[in-house]
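What follows draws every value from the coordinates through simple rules; no lab data is involved. Note that the coordinates shown come from a computational prediction; the quantities given were computed from them, not determined experimentally. Here the Cβ positions follow ideal geometry from the backbone for every residue, glycine too, while neighbour counts run over all protein chains shown.
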Amino acid sequence: MTPAHRTGPGRPPGPAGPRPVPPRPVPHDTTPPHPTARPSPEDTVPTTHQVLVNHEGQYALYPAARETPDGWTTAGFDGTEDECADFVDAHWPDTRPLGLRGA
């Protein structure tokens, strides 16, 4: 159920925390889950997300119940996954890392 462009339920963060959220739109995966796959509790229970930002100004969605990973800080917004994605879309128009934006 989690779109491929977001960090969230069912997608563990990489070694440095969650991956940045690329711009939308990306089609949702409509492939049904494997019949013997056990859903994660985060996939079956509505999860409040928070928006995180790293030192390069890249944004990510992350479950609010989890501890903020090293290298990331909260952007001061939490809500549903869609609300957080809308916040990111409004506040991150240039998705290049900060080091590349002025070049």
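Restriction of the GluC sites (Glu not before Pro) in segment 56-85 to DSSP coil positions whose beta-carbon has at most 14 other beta-carbons within 10 angstrom yields Glu56, Glu67. Look at the dipole of segment 44-103 built from charges on Cβ: of Leu98, Tyr62, Gln50, the Cα furthest out on the positive end belongs to Leu98.
Stretching Thr48 away from Thr95 to a fully extended chain increases their span by 14.5 nm, per 0.36 nm per residue minus the current alpha-carbon distance.
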